[in-house]
Structure formats: C-alpha cells, structure tokens
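Data first, discussion second: the structure below is written as structure tokens.
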Amino acid sequence: SEEKWDFVLVSDIHEMGSEKETKRKKFLDELSKKGFTIKKIEDTKLFYGVRAPQQVFWKYQCLLGKPDKKLQNENSPQDIPVTTRIRIVHFILQNTVTPDLEKLNDLMKKKVFEAAFPLHEKEAVREFLKEKWARWRGLFNEQPIEKIRCYFGEKVALYFAWLGWYTYLLGVAALAGVLTFVAGITLFSSSQVSREICEANTTIMCPLCDKKCPYWVLSDTCTYAKVTHMIDNEATVLFAIFMALWATVFLELWKRQRATVVTNWDLYGWDEEEEELAMELINNLQHEPRKYQHSYFRSTIVLLLVLLMIMVLIGIAHALVIYRVIARALFAQSSLGLLREQADTVAVMTGAVLHYITIVIMTKINRRVALFLCNLEKPRTFSQRENNFTMKIFTFQFFTNFSSLIYIAFFLGRINGRPGHYVRIAGRWRLEECHPSGCITDLFIQMAIIMLLKQTISNVMEYLTPWISHKLRKKHKHPQKRSIILGEEEEAEDPCKRQWLNNYELNEVNVFSLFNEFLEMMIQYSFTTIFVAAFPLAPLLAFLNNLFEIHLDAIKMVRLHRRMVPRKANDIGIWLQVLEAIGILAVIGNGLVIAITSDFIPMLVYKYTYSPCVGENHTDVDCSTGYINHSLSVFHIRDFEPDMGMPEMLPNFDKDEITEYRDYRHADDYTYTMQFWHIFAARLAFLIIFEHVALCVKLIAAWYIPDVPQKVKNKLLSRKHTNLRKELRWVMPQKV
C-alpha cells in the first residue's frame, strides 16, 4: 500500500559539515527522539517525509476523550482523522526545540529549511472537491461543507459556510438595491428639482476656479443634476433603513446557522485553550503553561503607535484631497475644452483611481506594521496573536479604504468658505465645492470606481498570480534525470518522489492565507453597508463578486496552493465582533450621509416651511417648486478677492451684476440666514432620530431572532441527559 506521510520538510543541499547542515541534523534528531519516522529523498532539493508515532494520537484521544469521533472511520474507530493528524504534527514540528534553542520557524528564517507542508493526497474527498467544487462550471452548485471540513478542517469549512450564507442573503439586499436604483431612474427626467435646474438658463453662477474659469449658467449642469436626483431621493432613505435592518438579520441568522453546523460536528462546547494545552503536553510532558499577563506600559506604547499609524493614514487621505484640489485647478485651466468643462468629474475619477492604488500599497505596509505591533504585545497563544492582529489590520485597512470617502461624504463643499472668502491650500488653491445638485454624486462615483477596480483587477490578480507562479515553478523544478550507464538497469523511482515534488511545485500557504480571504470580505461588507445610501448598487456588485469569489478561493486551495494546515474552530472568531462593529458603523454612516451629504433634509424643510404648499392647499403644484432658487445665495462681483483675477464674462453679462452660489447667506453681509439654522437643526434632529430608531430596530431584531435554534438547544439538552444517565449506570451497581 502507498506510504502515508504527515508532513514534508524541504531543504537545500548544504555542504557536509556546514552550519546549516548541522542545524538540520539536530532538528531531525530531536524528531527521531520523539519517535517520528523520517524518510529522505534527494533531488534538486532534499525532501524529508515525517510521520508521527501512533502513541501521539492515542494520547490526544485519551486527553480529550475522542473529540473527532464523527470524523473517524467506522471500520477502524481507533484511526484518527487526517485533519487532526496534520494539526497535531504541525504543532509538534513548530514547537520542537533543538539543543541550540531553535524552533522550526527560526531554522526557516536562517534558510536551514525552505518549506514545511502537509500533502495533498489522492484521496476520495479531494478528488470530489476537485471535480465538483473547485471548478468554474460548478458556479451555482451547493457547497459541500461537510467534505470541505473533512479535507481542510473546521476553520476553512466555517469560512465557506459563512461566505455562502453571506452571498445568499446578499441576493435580497442586491434586489432591494436594484429596485431603489430603478426607482431613481424613473425620476431621471421627472424630478421637479432637476427640471428647475435644466430650465435655469438665466441664473448666472460663480466661477468654479480662479482666473480661467468663466461664469456659467446653472442649466449647463442639467444632466449632472438628473443623475444626482436619480441617486438622491426618498427611496434612498428607505433603502438605508432596510440595509441597517438587513445587516442585523444577516448576523442573527448566521449565528443560528453556525450553531446548527457546529452542533452537527459535536463542537458546540469545544474549548480551544484545552486542546492547545493537551498538544503542549503531548509534545513535552514537562511543559508548564504560560501564565496570563498584562502590561499597561506595553499596552500604552502599542496604543500610541496605533494612533500614530491612524494619523498617517488620515494624512494620506489629506494628500488625496490636495491632489483633487490641484488637479481640478489644472484641468480647469487646460486648453482642451472637454477637459476644462469636465474638470470636476475628471478630478473625482482620477482621484478615485489614485485612491485605489494607495489602498493596494498601504495594504502591504499595514500588514507589516500590524505584525510589528503584535510582536510588541507578546501574546500568550497563537489564537490571541491572531485576534490582536485582526483588530489592528482591520482598523488600519478601514482608515485606508474609507478616509477619502469620509472626506467626500461629510467635508467636501462644507469647509471651502464662500465667494470672496475661499479657504485655500498654501494660500493658493481653493478647496473643492459641491455641485449645486449636491455632493452625493461625487461619493457615488468614488465608491463605484473603487469597488469595480477591487472586484476586477484584484480578483484577476488573485487568480492569475498563483496560476502563473505554479506554472513557472512546475517548469523550472522538474526532477533530475538519472544518467544510465551502458549495461546498468535504471533504478525504480520512489513513488513518494513524484507526489512530494508535485506538492512542492504548488504555491506556498501560511497562517494568514485564510485570514486574507476573511479580511477581503470584511472590507467588502463595509463598502456594502456603511455608505450604501450613496451607492445602492453596492450589494449587487458584492453579490456578483462573491459568486466567483467562492470558486476562486476553492480553485486556489485545491489546485494551486499547497494544503493548508487544518485548524479546528466552532465559530469565525473575532470576525463576528468586526461584523457587529461594521453594523453599528453602517447605521451611523448612512444616517450621516442622509443628514449631511444628501439634499433630503433641506428639501424636506423647504417643502414644509417655505414652499408654495405652506399655508394653502395647492393640489396642482409640486411642493418642491422653487427649491433651487431658494437654496441659492446672491454674491456681488465687487467682493471677489483682489488676487483672484477677473473670470471670463458671459455674453450680455455686466461685470457689476450679481451672481449666485449654493448656500444660505444674506446678500449684504454674507452671514447665515435663518433658513440655514432651520436646516441645521433638522439635520441634527433627523440624525438623532434615524440612529436611535435604526439601533432600536437592530436590538429588537437581535432579541426576536434567537442566536441558537430551539432544535439545537433540545439536541444539546438530550445529549447532556443521555451522558448523565450513562454515568449513573456506572454508579448504581457499585452501591448495590
């Protein structure tokens, strides 16, 4: 029968007696002392197959009471599942110490060993996954979660179970988003506000930049206004409330789904710390557990460094703002007419592309910084280290992805001053202004470009990079051909050699391989929920992306990457807390978008306070009639700054006349009007009411939907009762 090996270590061929060769021999000797069987195969590299003695796994079963009995072979119940074997052997390899006090990780850093990996074997489960799951043609097939668990372990299986559940419920959010967008399209030409802008051919507006920008007529922005009001309407508010509820229902239903799955796996009450202690004792009977410790000094240093990193990321967002300001000024002074006319839109689009490039670069830097901070904290266990790293990298990635969007949503056009008193960068370039139709279209464009780039370029690279790398490794690492001397028979090749080489030619995996997939989905979930009021198509893009993402990840794991070390788990860990935090941020973010970015509140105040409908029953008049004129303020040209330069005049326009701009100010002293304070109070009131109502709905939904189904509770109750009856049977005869 074919030999079974738990792990393979790969090393370069070092000179006899060299330091690296000595260190390698010491490590292998330590494994031999623990009863490991070691097999050596020489090719262009040295391959060492290691197999743990059976008593290691008997100790594991004895200490933890056969925790994997559901995965064991019915014909040979004493056998331990392959996933558990790999996990135990990996733990022992990582914690075996040489006489020089070096572990495997230390030896790999010193290039004593190049790689260490478990083997993809030609077993029935893998062949099933390869043919039925890790193929593009199985795009709409149900995921074989049980078989994924049997081959990759519980943590990977829970990731795919969560991703499948998330994608399934995204279909509902995507449908709601499409309906909201379609409702907006019906308003494309029928909106009263858009119609007023399109007909405002006598309303002269202030120049959008200094010197070369001319005065312009409000009706020039007719199409832009229609697009804006296609996004910014009453349906958007309802959709934002729906998404806040959706995020809560999704999490509560996932908790129920997770409880059902792990109960079927007999892992509901599984204790990760107990298993780690058991493996420590199996590896070293004299092991003493590392005590819990907390250093306020170390925590303070880490906190300060985290805050410093956040300030750097906010600084990068400021740099993107400066780019947009300068780019807009340069585009507005271009000799190309089209570029000059569309300077605002081009600046927004190029800024979004630059933002995406920044995200790609900073992702790599954020990872290094987060790892450095984790090393400073000195976590007690791998699980604690993973949790600490997760919180830091997600925080950094959140600011990397969303700082620029936060500026566009809540600051763009609100800190730029007014005509005659503009806020300028370095005293030269004036900050951007919102379009008279509002800033929400800028946010829509920014989100659309970033999501499309992340879900096309990133996914293509995610697939092509390991695929090309695998092909190149396969091409350059063929086994050496034996030279056959005349009259000498060729020695038969070891059957393990080809298998080990094939596995070695696959792409490397590490402890962060699954982490990367989770992080990618968390950032996507943030885009899908936090600013969804400005981009109702975000759930649809996420849904379409995830249909491919599931099978892309499957193909990478089964066909292109070495086998992951299976890890046991009974939930998705700290990622659940991240999802809950994103749900709260989604309520706050969407409330702020509607209250501040959207024109929903100013229009509402106008309809019920200043419109023609107030005081009289005008059934034949749209209550938003006159809104645009009412939201514009008058500016006297004589009050422009002296160094601004006189803009180009429109035909039949006297330079002593007045122009208009979007704000609520008096015409004489440019102070805020009473309407400004009415709108300010309404924005604040809406924000408070929206967030409290949304959070109350979230809490009610969380209470209404139990985390654990009654069926699961009854199953656990029955199991406890059965176990107690069995214990009682042992006690009763002894008393008799």
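The values are calculated or read from the model by the stated rules, or taken from the named source; none is laboratory data. What you see is a predicted model, and the numbers here were worked out from it, not measured in a lab. Glycine also receives a Cβ, built like all others from the backbone with ideal geometry; neighbour counts cover every protein chain displayed. Note: areas computed on protein heavy atoms with side chains; ligands, DNA, RNA excluded. Shrake-Rupley method; radii C 1.70, N 1.55, O 1.52, S 1.80 Å.
If you go through region 88-102 and keep only what is assigned to a helix (DSSP H, G or I) and open to solvent by 20 Å² or more (accessible area, probe 1.4 Å), you end up with 90, 91, 94, 95. The set of residues in region 201-229 that are among the hydrophobic types (A, V, I, L, M, F, W, C), closer than 20 Å to residue 606 by Cβ and either part of a strand (DSSP E or B) or open to solvent by 10 Å² or more (accessible area, probe 1.4 Å) (or both) contains only 205.
Within region 368-381, the set of residues being in contact (Cβ under 8 Å) with a residue 40 or more places away in the chain, open to solvent by 20 Å² or more (accessible area, probe 1.4 Å) and in a helix (DSSP H, G or I) comprises 369, 376, 377.
Looking across region 537-593, just one residue is open to solvent by 40 Å² or more (accessible area, probe 1.4 Å), over 30 Å from residue 88 (Cβ atoms) and among the acidic types (Asp, Glu), and that is 580. Look at (1) assigned to a helix (DSSP H, G or I); (2) under 26 Å from residue 625 (Cα atoms); (3) not small (Gly, Ala, Ser) and you find that residue 160 fails only one, number (2). The test for being closer than 30 Å to residue 534 by Cβ and of a type outside the set (A, V, I, L, M) holds for residue 177.
Would you tally the residues in region 403-429 being open to solvent by 60 Å² or more (accessible area, probe 1.4 Å) and assigned to a strand (DSSP E or B)? Residues that pass the stated criteria total 2. Show the residue pairs meeting these rules: Cβ distance below 7 Å; 6+ apart or different chains; first residue within region 702-718 and closer than 14 Å to residue 263 by Cβ; second residue assigned to a helix (DSSP H, G or I) and among the polar types (S, T, N, Q). Note: pairs meeting the criteria are 709/260; 712/260; 712/263; 715/263; 716/263.
Pairs meeting the criteria (first residue in region 308-330 and within 13 Å of residue 432 (Cβ to Cβ), second residue among the β-branched types (Val, Ile, Thr) and modelled with pLDDT of 90 or more, beta carbons under 6 Å, at least 6 apart or on different chains) are lacking.
Look at (1) over 30 Å from residue 216 (Cα atoms); (2) small (Gly, Ala, Ser); (3) touching a residue at least 12 places away in the same chain (Cβ under 8 Å) and you find that residue 295 fails only one, number (3). Kindly check whether there is at least one residue in region 329-348 that is modelled with pLDDT of 90 or more, in a helix (DSSP H, G or I) and surrounded by fewer than 12 Cβ atoms within 10 Å (Cβ to Cβ). Scanning region 329-348, I find no residue that is modelled with pLDDT of 90 or more, in a helix (DSSP H, G or I) and surrounded by fewer than 12 Cβ atoms within 10 Å (Cβ to Cβ), so the answer is no. Determine whether residue 70 is open to solvent by 10 Å² or more (accessible area, probe 1.4 Å), basic (Lys, Arg), out of contact with any strand residue (DSSP E or B) (no Cβ under 8 Å at 6 or more places or on another chain) and modelled with pLDDT under 90. Taking the combined requirement at face value, the residue satisfies it.
As a summary of the residue check, residue 151 satisfies the conditions (1) under 26 Å from residue 130 (Cα atoms); (2) modelled with pLDDT under 85; (3) part of a helix (DSSP H, G or I) except for the one numbered (2). Each residue in region 652-685 was checked for being hydrophobic (A, V, I, L, M, F, W, C), open to solvent by less than 40 Å² (accessible area, probe 1.4 Å) and modelled with pLDDT of 85 or more, and 2 pass. If you go through region 107-126 and pick out every residue that is in a helix (DSSP H, G or I) and either basic (Lys, Arg) or within 15 Å of residue 556 (Cα to Cα) (or both), you end up with 2.
In the set (1) in contact with a Gly (Cβ under 7 Å, 6 or more places away or on another chain); (2) modelled with pLDDT under 85; (3) open to solvent by less than 60 Å² (accessible area, probe 1.4 Å), the condition left unmet by residue 235 is number (2).
Being surrounded by fewer than 21 Cβ atoms within 10 Å (Cβ to Cβ), under 30 Å from residue 435 (Cα atoms) and modelled with pLDDT of 90 or more is a description that applies to residue 357.
In this structure, is residue 621 in contact with a Pro (Cβ under 9 Å, 6 or more places away or on another chain) and open to solvent by 40 Å² or more (accessible area, probe 1.4 Å)? So residue 621 passes the test.
Of all the listed residues (380, 414, 418, 385), the sole one being in contact with a helix residue (DSSP H, G or I) (Cβ under 6 Å, 6 or more places away or on another chain), modelled with pLDDT under 90 and of a type outside the set (A, V, I, L, M) is 385.
Between 293, 257, the distinction of being among the polar types (S, T, N, Q) and not in a helix (DSSP H, G or I) belongs to 293 only.
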